[in-house]
Structure formats: structure tokens, C-alpha cells
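Report on the following structure.
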Amino acid sequence: MSRYLRPRVFGATIFFTVNMQQRGSDVLVREIDRLRRAVRQTRAERPFRIDAWVVLPDHLHAVWTLPERDSDYAVRWGAIKARFTMSLRGAGFSPPSELPVVLSGRYAGLKPGLRHNKRERGVWQRRFWEHHIRNEAESAACVRYCHINPVKHGLVERPQEWLYSSVHRDIRHERYEPA
């Protein structure tokens, strides 16, 4: 069985997709302030630049640029996910008792919420997807993807209508150029 080794590139710009365990949930937008707080706290400890970010009800996309001498984005995601989960738990949230069985991959046949030895709580999917951006054109495409994603999912008709997106910041700074 192969094990995925994440690239370790100092100062990299990276596109991410991070999913909630329960697809179809609206917990990310319902609890957006908790997520924002988790991101702020993590950035205060381990800085990174947010080039783009969009939060949808059950997943998010982001483009980050790490500091020149840093390559550890996985620790940052772990901290954000843990802080968000702990904040939810502190407010009385608990994941659904019946989580779906993983259908494929290394953990096929397991119910992720039942892996107590891994200190998992069944809020986030265990992994996240990342892609190291190689050039400006790819970076622009990933930023556009973040901004257009709420439209793609049928949540709004125009990117500017989605409240939980960096498109608003980019319009203010005249960086947004729709494809």
C-alpha cells in the first residue's frame, strides 16, 4: 500500500480543498465566526498569506502562500481543524451518531467517527487535497476557481453574491477579473 508524502516546498503557493465529514451539512457557514477565529488564531502563531478563500456549507477552498522559510501547511490545517472542532464541541455540537462507512482507500470499511484512538471527532474529513501552484497563470486560475465555486454549486448567480469569499476583498483591491 502506498503512502502519500506531501511536498515540502518552502514559500510555496498552494491550492487546498478541505471537506466536512458529513457532506450536505451547513456547519461551515452556520458557524463561520468559529472558523474565522480558528484561522486568525492559527495565522497569529504560524503566519501565511491568504491569496483566496471561499467557504461553502460543507467544504472550503483556499489558496495560501507560505513564508519563505516555511513549508508546513499540514500543521496549519491541523490547527485550524482542531480549533474549529473544539470550539464547536464547547458550544455543545456533536457530529451525527451514524457516520458513513469509508468506501475506498486505505481506511475502507471504517467509520471515521469511531476512530477514537486517532482523537478524531467526525467533524472534518481526515485528509485534505492540495496542489502546489507552479506559475502565475495557475495561481490566477485557482483564485478564480475559489471565487466561482459558489456559482458552480448553484448557491448564487454571481461570485459577489456569496458572503463567505475573498472575492469581496479582491474586488475592493481591483484584483478580481472574471474569466
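The values are calculated or read from the model by the stated rules, or taken from the named source; none is laboratory data. The structure presented is a predicted model; accordingly, all values stated were derived computationally and were not measured. Don't worry about glycine lacking a Cβ; one is built from the backbone with ideal geometry, like all the others, and counts go over all protein chains shown.
For region 21-30, a tally of residues being buried (at least 19 other Cβ atoms within 10 Å of the Cβ) and modelled with pLDDT of 95 or more returns 1. Which one is nearest to T85 (Cα to Cα), of the residues in region 121-139 that are of a type in the set (D, E, K, R) and at pLDDT below 90? That would be R121.
I'd like to verify a number: residues in region 49-77 that are under 29 Å from V156 (Cα atoms), of a type in the set (F, W, Y) and touching an Asp or Glu at 6+ places or on another chain (Cβ under 9 Å), how many?
Start the filter on region 49-77 by keeping residues that are under 29 Å from V156 (Cα atoms), which leaves 49-65, 77.
Checking which are of a type in the set (F, W, Y) leaves us with 53, 64, 77.
From what is left, the residues that are touching an Asp or Glu at 6+ places or on another chain (Cβ under 9 Å) are 64, 77.
The qualifying residues number 2.
State whether one or more residues within region 53-62 are more than 14 Å from the chain's Cα centre (by Cα) and either touching a residue at least 40 places away in the same chain (Cβ under 8 Å) or buried (at least 21 other Cβ atoms within 10 Å of the Cβ) (or both). Looking through region 53-62, none of the residues is more than 14 Å from the chain's Cα centre (by Cα) and either touching a residue at least 40 places away in the same chain (Cβ under 8 Å) or buried (at least 21 other Cβ atoms within 10 Å of the Cβ) (or both).
In this structure, is G92 within 20 Å of the chain's Cα centre (by Cα) and either at pLDDT 85 or above or farther than 24 Å from I14 by Cβ (or both)? Against the criterion (within 20 Å of the chain's Cα centre (by Cα) and either at pLDDT 85 or above or farther than 24 Å from I14 by Cβ (or both)), G92 does not qualify.
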